[in-house]
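Structure first, then comments.
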Amino acid sequence: MLGTFLEISITTPDILASVQFYERLGLQQVPVGETWQHPYAVLSDGRLYLGLHRYDFPSPSLTFVLPDLRSHIQDLETLGVGFSFRKLDEEEFNEVGFCTPSGQMITLLEARTCSPLQPVSGNDSLCGYFREYRLPVPDPAAEGRFWEQLGFLPTGDQSPSAARAQLSVEHLNVGLQRAAPPPATLVFVCERLADSAARLAARGLDAMPMHDWDGAAALELSAPERTRLLLRDTDY
């Protein structure tokens with residue numbers, strides 16, 4: 001329904017500071033096209049793609065590529081999607097955006113704006129395995145039904161009383177957790193958490209020890225543009 005997942009798009013007032021932060025975590029820059037007029041960079045660990053934009057928009061946005069975008073608009077409107085913006089003229093790069101019931105922005109583009117990562121041996125991320133994009137919502141079950149309409153497949157406990165739900169499409173897990181905001185969080189599983197903590201400190205990155213919702217030991221980091229990252233020592 002949404003096409004192919006491209007990136008988590010993030011607005012940043014200081015793109016150089018954000019790039020340097022993610023590079024210190026071990027993410028690599030990937031080639032980008034000339035689609036956008038504003039400064040744009042993409043960093044990746046081969047699974048997670050973060051698009052950094054010096055441009056003001058509701059951030060973070062989950063961004064997908066849906067070729068022949070204009071032909072899919074009616075199908076989305078039939079599902080009850082109300083678009084926050086539509087750029088569909090023949091003379092411009094086509095993109096549309098809409099929000100989920102909890103306010104998460106989803107952006108659809110007509111074509112890719114960056115290339116896939118070509119892995120470099122020995123340049124692993126300190127974060128570990130990207131587990132999910134976690135979104136605080138008032139009602140995980142109700143929110144999950146909306147995501148299912150968009151083509152996401154539920155995993156785990158989906159009962160109405162569950163405190164969280166997880167849904168997946170190719171290359172992206174979305175965790176819906178009953179909570180008042182904090183903001184959306186990038187969640188990683190890092191089995192050698194103590195080693196990563198030492199390496200993060202050696203690179204001048206402050207990581208705050210904490211425990212995740214299930215009691216798992218974790219480290220919390222904040223990027224220059226205030227993106228929240230959570231590294232936990234066990235999967236779930």
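The values are calculated or read from the model by the stated rules, or taken from the named source; none is laboratory data. These numbers come from a predicted model, not from an experiment. Don't worry about glycine lacking a Cβ; one is built from the backbone with ideal geometry, like all the others, and counts go over all protein chains shown.
Conditions tested, residue by residue: (1) hydrophobic (A, V, I, L, M, F, W, C); (2) surrounded by fewer than 12 Cβ atoms within 10 Å (Cβ to Cβ); (3) at positive phi.
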position	(1), (2), (3)
Gly80	no, yes, yes
Arg86	no, no, no
Gly97	no, no, no
Ile106	yes, no, no
Glu110	no, no, no
Glu132	no, no, no
Please work out which residue is nearest to Leu205 (Cα to Cα), limiting yourself to the range 116-171 and to residues that are among the β-branched types (Val, Ile, Thr) and at pLDDT below 90.
-> Val120
Would the range 145-154 turn up any residue that is closer than 30 Å to Ser222 by Cβ and touching a residue at least 60 places away in the same chain (Cβ under 8 Å)?
-> yes
Quick one: in the range 199-224, which of the residues that are free of Cβ contacts under 8 Å to residues at least 60 places away in the same chain and assigned to a loop (DSSP other than H, G, I, E, B) is surrounded by the fewest Cβ atoms within 10 Å (Cβ to Cβ)?
-> Gly215
Just a yes or no: is a residue in the range 10-32 outside the structural domain of Glu220 (by TED's automatic domain parsing), of a type in the set (Ser, Thr, Tyr) and more than 18 Å from Ser222 (Cβ to Cβ)?
-> no
